[in-house]
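In what follows, a structure is listed as structure tokens, so that the remarks can point back to it.
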Amino acid sequence: MSPVAPALALDEAAVVLPKEERLRDPFGRAITDLRLSVTDRCNYRCVYCRTGNEGSQYTELSGEDYLRMAGLFVSLGVEKIRLTGGEPLLRNDLVELVRELASLRTIMGEPLDLALTTNGHLLEPLAGPLKAAGLRRITVSMDAVEPETFTAITRVPRSFERVLAGVRAAKQAGLEPVKVNCVLLRGFNDDQIEGFAELSRREGVVVRFIEFMPLGEDQSWKPETVVPIDELIDRLHSFRPLVELPRNAASETARRFTFDDGVGEIGIIAPVSRPFCGHCSRIRITSDGKIRTCLFSQDDHDLYKKMMRGGTNEELATYIRKIVHQKEKRHHIGEPEFQKPSRSMVHIGG
Ligand code: SAM
């Protein structure tokens, strides 16, 4: 494993920024949540995400570069970092990168809320080392609870058992609460809803259903493929009566439910039919070091290029502030003016 360089001593990070100087977009939303994509390689070819063509080019930067970018955002008020991709577990230096990121402190001097999203295929042996390196929480993407359907969606045979073992290893390592995210697609996995409810109850994981968004490489999104949340709630309720739980925080994207006996937890994330842009606290860095202000942005902004041209931390921080001031108010999915984003999910970082 190639170690990354030690955490950068960012002078700015040592200073507690006054509230009015922390990252805020033009609509007054505090930007505290960074999604950092550390590769756009993926070992799955999910039908709704990838074209299935092999050999596409990929881009990823050194752990040291990601660490410097993350440090800059943290020095401006980011408190939570989620590592994503592509598939982040494909990086050989991931545990080291997590260790370095975990040593960063927020401007209030607190440890970062460090999380990871993975497809789980490589997770079982890595869950313990990631936890020991300072990872706090994990989300595993899983679009079916039956192996055949799982293979049909991911186009990777015999992976289902590995992912389930990864989920169990994450729980055992204490990466709690382990969340399992399922993108529901009409005609592909909408017959798995009750199976996911059973999985949540049996495995003690939070299952979150996510609406399908127009972000695939092959532009296959159609409104008819989205499973409406009212239908999802009805199905879950017929399986066993649902009880709604309070939101954990105002910016939380999921509606939360348990069942009438308090066993299991279900989250419903509906960015298409119930957008939560008003509470958005997110900013993204793509695996090639570009800032994206929204999943659905038409542009991205080359922070890495500025870094490579010798930008000082101060210059880069000024640039980040400028870009955050261009953050979109909301997405326009389902409206006539909606334009598909300039990059697909695997290249943006989910
Ligand atoms: N490889 C990691 C994983 O599988 O979690 C991280 C990257 S993946 C792009 C992140 C998440 O985005 C996955 O849960 C995936 O299902 C979801 N995703 C991909 N395309 C999507 C789409 N069009 N709409 C909604 N979610 C999508």
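Computed from the coordinates by the stated procedures, all read-outs in this text should not be read as laboratory data. Since we're looking at a predicted model, the values are computed, not measured. Ideal geometry is used to build each Cβ from the backbone, glycine not excepted, and the neighbour counts take in all protein chains shown.
Spin-label point model (7 Å from Cα, Cβ direction): what's the Ala165 to Asp260 distance in nm?
Calculated label separation equals 3.9 nm.
With a point put 7 Å past each Cα toward its Cβ, work out how far Asn43 is from Lys306 in nm, to one decimal.
Once both label points are built, they end up 3.6 nm from each other.
Could you pull out the GluC sites (Glu not before Pro) across region 149-235 that fall in loop regions by DSSP (anything but H, G, I, E, B) with no more than 15 other Cβ atoms inside 10 Å?
Of the GluC sites (Glu not before Pro), not one in the loops of region 149-235 has a Cβ with at most 15 other Cβ atoms within 10 Å.
Under a Cβ-Cβ limit of 4.7 Å, which cysteines in the chain have nobody to pair with?
Cys with no partner Cβ under 4.7 Å: Cys42, Cys182, Cys277, Cys280, Cys294.
Count the net charge of all other residues whose Cβ sits under 9 Å from the Cβ of Asp190, scoring Lys and Arg as +1 and Asp and Glu as -1.
0
Using a Cα distance threshold of under 21 Å, what count of lysine pairs results for region 29-348 when pairs must be 8 or more residues apart or interchain?
For region 29-348, the number of qualifying lysine pairs is 22.
When the dipole is taken about the Cα centre of the chain, and only Lys, Arg (+1) and Asp, Glu (-1) are charged at their Cβ, what size is it in debye, to the nearest 20?
With Lys and Arg at +1 and Asp and Glu at -1, about 500 debye.
Taking the Cα centre as origin and putting +1 on Lys and Arg beta-carbons and -1 on Asp and Glu beta-carbons, what dipole magnitude results for region 150-208, to the nearest 20 debye?
220
At a 10 Å Cβ-Cβ cut-off, how would you order Leu34, Leu185, fewest neighbours first?
Going from sparsest to densest Cβ surroundings: Leu185, Leu34.
Could you work out, for region 113-213, what percent of all Cα-Cα pairs fall into each 5 Å distance bin, beginning at 0 Å and stopping at the bin that holds the largest distance?
Histogramming region 113-213 at 5 Å steps yields 3, 14, 25, 25, 18, 10, 4, 1, 0 percent.
So, with +1 on the Cβ of K and R and -1 on the Cβ of D and E, and no other charges, what is the size of the charge dipole of region 196-350 about its Cα centre, to the nearest 20 debye?
Dipole magnitude for region 196-350 comes out near 620 debye.
Which order, highest average first, do 25-31, 204-210, 168-174 follow once you tally other Cβ atoms within 10 Å for each residue and take the mean per peptide?
Working: 25-31: 15.0, 204-210: 21.6, 168-174: 18.9.
The packing order, highest mean first, is 204-210, 168-174, 25-31.
Give me the percent of DSSP beta bridges within the chain that run antiparallel, rounded to the nearest 5.
30
Mind listing P(r) for region 29-348? All alpha-carbon pairs, 20 Å bins, whole percents.
Whole-percent P(r) values from 0 Å outward: 32, 62, 7.
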